[in-house]
Amino acid sequence: MSTVIRAALFQTAWTGDKESMIQVHEQAVRDAAAQGAQVLCFQELFYGPYFCQVQDKAFYEYAEAIPDGPIVKRFQALAKEHGIVLVLPMYEEEQPGVLYNTAAVIDADGSYLGKYRKHHIPQVPGFWEKFYFRPGNSGWPIFDTKVGKIGVYICYDRHFPEGWRALGLAGAEIVFNPSATSRGLSAYLWQLEQPAAAAANEYFVGAINRVGVEELGDNDFYGTTYFVDPEAQFVGEVASDKEPELVVRDLDLAKLREVRDRWQFYRDRRPDAYGPLTAP
Amino acid sequence: MTTTLGTLGNLDTLEPALSVRQVLGLERVLAGEPEVVAGASQLDRPVRWVHVAEAADVGVMLTGGEMVLTTGVLLAGDEAAQAEYIQSLHRAEASAVVLGLGRAFPAPPDVMRRAAERCGLPMVVLHRPFPFAELTEEVQSRLVRRKFAAVSLSEAVRTALTGLITGGAPLQSLLDEVAAHSACPVVVTNLAHRVLATAGERSAVDDVLRDWERIARQAGGNEGDGWIRAELGGRGERWGQIMLCGYRGDTATGRLLADRAAEALVLHRMLGGSAHTWEEQSAQSLLTDLASGVVPARQLLPRARAAGLPVNRRTFVPMVVRDGDTAQLDRVLRLLGLPGLVAELADGVTAVLLSLPRDQDADALAAHFASRLRTESGALKAVVAAAGQRTVWDDVPAGLREAQHVADAVADSSDALELPAVVRLKDVHLRGLIRLLRDDPQVQSFAERELDGLLCAADEDLLAVLRTYLATGRNKSRTAQLHHVSRPALYRRLEAIEGRLGVDLDDFEQAASVHIALLAHDAQQG
């Protein structure tokens, strides 16, 4: 059996309203499926602007229930129609006033597999996320999808190696890292941290970042979405830093075994010595 | 960029011409029978200058990198002063100390030797009396010559490149100039390591490009091996790199060349405008070379691969778009995630080469691309012509020419023809044939003869009506609609045409003859 899967990432610019933003993403599902993509992940808070550039409670309205809200339902139907696994980074409302930065995972038959809630919430100029989100509290779930075991690690999470490791230990083969990050602030880290995480944990990483400048602030989101393999090599080219782009790449999951047979990081790690890391 | 615009190369950063080892190997120095008695592992230290000093506190006079020559006349008999002397040279970062044996020290002094060994300072003794002046003259003149050569090379390269820039030369001319100085392949890439331009001897460049994936991934690169990189960027933004690949001269000169080249490229780009230009130019030269067939496709393979086009086990779809906007086409490709290259071949004629995995439905994806192009470009009526898919790279040039032929064949009457989203050879029928025969003198005189009555009056309107009428299969209502005239008005024009040409357009053969003549006429114009 072939171990090659065709995986996709989609970076785009804010269209100006939620409904057209959702439609752009629905079209991306069709475009990806037309090329035989079996899994697709969107950018962080995919159907909105990156509203964390300001602190305005009007944007609480973007939150909805997962999985019972309308957007998840809409994309469940689309996933089923095209037989594609979808990772949907969204704004989740558990109940009024209890909000999370979350990603829902839908299997290729349209069934809802679960969600990951972003653990690490920044609060710096241009990224006022603590105003909008409670820190994630749902652990490090791995989703056993039709194409393989998928983990999600959202945006600012990527600066913390512990979560990457937790997902690796739980068996992730691909970890998606949907983000919204801006030029000047993190561009030099963008092509450093996720490849390092992929190498350290010996799995594939798909990193997605939105593009463009939105009306809410000066953040210049620089796209450059990419897949990186367990040897920290980019799979194909890195996407545009300015234009919307669908990235479709073939990932050979057999590479995990090949690399892990060579470098036994999981065998040689020393959790017995890591006690201080978990001291509060 | 790693250097500052406007400075004439910082000489302090230039690698000096000589190391301690090299100085000791000079013929005139060998005459003094030098012996290294300490710090033998440090002999590759650069010597910036040679300094003769008979002073106990010589350290305070140094600025680093000096080889200090002494007879030690002020140090003899004072072991504490000897140790301190070595220490002070070490603190001043002298490159070596050379002690002439003689009256002060008949043999290498142990205290100095041990002190030098401890701090890793090369200590050399000269066993034969030796005039220091000869050594300083020899070394100094070599150092000065090298620095002068570096400055004049730097200046010569800068003058040449500046001249090209102010003369409006294209990027390629700048790179050719750099390659002429470096005598090795020169490669310019964007941040994604996509090759934007190359220069140097073709076969050497191809060797580099063949292995490009691996080379590009070696993040830092090792200057010592002749791989010299300089960053391209300005105004706080980095956007690419220039690389000398396998430079065979000394590293300092290579770095100087790379830095001068980077400066020139930054200036060129700042004066030249848009950020995409180089990417476009690179795709354009590749697709133009492919389509022209002047260079065999196989030889272009390394360039295609280096330009980011996947080429192994792929299906290629050569397409030509008329009246499409290059940037728009590129956007649509990105939006759909289709790997491919876009480049304008001629005014209003753009080539698009898709490279798809073998398991894909190439025809369906080409149609998907064309229909999305229509949606995205709104009113703009771009005609997308495609050749049959190619599974062998060598067949791609023929494919591009076929697509261009199809696009040309329908160019004049795309409105009237009701073309499919992607036009193919089978859709152009007679037009395709006539297009191929357009240069034949007999076809030309046939067209003249048949259309004489309309051409001599130069009535463009009647000619246009005739064109539409025939293209729509003599559909009067459609023709009237396309020309925004009433049916009676159309009838009057058709009668006028028949009168001028002396034919009956209801007669199939006569109409066919006029149609062929008109196609031939249009083909000659196009």
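The values are calculated or read from the model by the stated rules, or taken from the named source; none is laboratory data. Remember, it's a predicted structure, so these values are computed and weren't measured experimentally. Positions of Cβ are backbone-derived with ideal geometry, glycine not excepted, and every protein chain shown enters the neighbour counts.
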message: I'm trying to understand the selection: among the residues of segment A:183-212, which are in contact with a Lys or Arg (Cβ under 7 Å, 6 or more places away or on another chain) and of a type outside the set (A, V, I, L, M)?
response: A:Glu193, A:Gln194, A:Asn201, A:Glu202
- prompt: Do we find that B:Ser513 is more than 54 Å from the chain's Cα centre (by Cα) and among the small types (Gly, Ala, Ser) in this structure?
  reply: no
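Let's see how each residue does on (1) touching a residue at least 40 places away in the same chain (Cβ under 8 Å); (2) under 24 Å from A:Leu88 (Cα atoms); (3) surrounded by fewer than 19 Cβ atoms within 10 Å (Cβ to Cβ); (4) of a type in the set (Asp, Glu):
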| residue | (1), (2), (3), (4) |
| --- | --- |
| A:Ala180 | yes, yes, no, no |
| A:Val205 | no, yes, no, no |
| A:Arg257 | no, no, yes, no |
| A:Asp268 | no, no, yes, yes |
The one condition in (1) away from chain B (no Cβ under 14 Å); (2) of a type outside the set (Ser, Thr, Tyr); (3) buried (at least 24 other Cβ atoms within 10 Å of the Cβ); (4) closer than 19 Å to A:Met90 by Cα that A:Ile174 fails to fulfil: (4)
- prompt: Residues in segment B:168-177: is at least one within 30 Å of B:Gln82 (Cβ to Cβ) and part of a helix (DSSP H, G or I)?
  reply: no
query: farther than 16 Å from B:Glu27 by Cα, among the small types (Gly, Ala, Ser) and either crowded, with 18+ Cβ neighbours inside 10 Å or outside the structural domain of B:Leu69 (by TED's automatic domain parsing) (or both) - does that describe any residue in segment B:118-135?
result: no
message: Take the residues in segment B:300-332 that are part of a strand (DSSP E or B) and farther than 16 Å from B:Ser355 by Cα; name whichever of them is nearest to the other protein chains (Cβ to nearest Cβ).
response: B:Val321
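Here is a yes/no grid of residues against (1) assigned to a helix (DSSP H, G or I); (2) more than 30 Å from B:Ala258 (Cα to Cα):
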site: B:Glu54; (1), (2): no, yes
site: B:Val73; (1), (2): no, yes
site: B:Ala76; (1), (2): no, yes
site: B:Arg103; (1), (2): no, yes
site: B:Ala116; (1), (2): yes, yes
site: B:Val125; (1), (2): no, yes
site: B:Glu138; (1), (2): yes, yes
site: B:Val151; (1), (2): yes, no
statement: Across (1) at pLDDT 90 or above; (2) more than 19 Å from A:Arg30 (Cα to Cα); (3) more than 12 Å from chain A (Cβ to nearest Cβ), B:Arg358 clears everything bar (3)
field: So B:Leu257, is it among the hydrophobic types (A, V, I, L, M, F, W, C), in contact (Cβ under 8 Å) with a residue 60 or more places away in the chain and surrounded by fewer than 22 Cβ atoms within 10 Å (Cβ to Cβ)
entry: no
- prompt: Going by the conditions given, is A:Glu231 free of Cβ contacts under 8 Å to residues at least 12 places away in the same chain, part of a loop (DSSP other than H, G, I, E, B) and not hydroxyl-bearing (Ser, Thr, Tyr)?
  reply: no
query: Taking strands (runs of 3 or more DSSP E) that fall entirely within segment A:94-179, which contain at least 1 residues that are under 15 Å from the mean Cα position of the chain (by Cα) and of a type in the set (A, V, I, L, M, F, W, C)?
result: A:98-106, A:143-145, A:148-152, A:174-179
query: Limited to segment B:474-506, what total is found for residues that are assigned to a loop (DSSP other than H, G, I, E, B), more than 55 Å from the chain's Cα centre (by Cα) and farther than 19 Å from B:Glu460 by Cα?
result: 2
message: So in segment B:207-221, with the set limited to residues that are at pLDDT 80 or above and either buried (at least 19 other Cβ atoms within 10 Å of the Cβ) or of a type in the set (A, V, I, L, M) (or both), which one is farthest from A:Val238 (Cα to Cα)?
response: B:Val208
- request: Take segment B:182-196 and flag every residue that is surrounded by fewer than 21 Cβ atoms within 10 Å (Cβ to Cβ) and more than 14 Å from chain A (Cβ to nearest Cβ).
  value: B:Ala183
query: So which helices (runs of 4 or more DSSP H) are wholly in segment B:352-426 and hold at least 2 residues that are more than 27 Å from B:Gly293 (Cβ to Cβ) and in contact with a helix residue (DSSP H, G or I) (Cβ under 9 Å, 6 or more places away or on another chain)?
result: B:362-377, B:414-417
field: Residue pairs meeting the criteria (Cβ under 6 Å; at least 6 apart or on separate chains; first not assigned by TED's automatic domain parsing to the domain that holds B:Val342, in segment B:384-412; second modelled with pLDDT of 90 or more and surrounded by 24 or more Cβ atoms within 10 Å (Cβ to Cβ))
entry: none
- request: Just name the residue that is farthest from the other protein chains (Cβ to nearest Cβ) out of those in segment A:234-255 that are buried (at least 20 other Cβ atoms within 10 Å of the Cβ), in contact with a Ser or Thr (Cβ under 7 Å, 6 or more places away or on another chain) and assigned to a strand (DSSP E or B).
  value: A:Val247
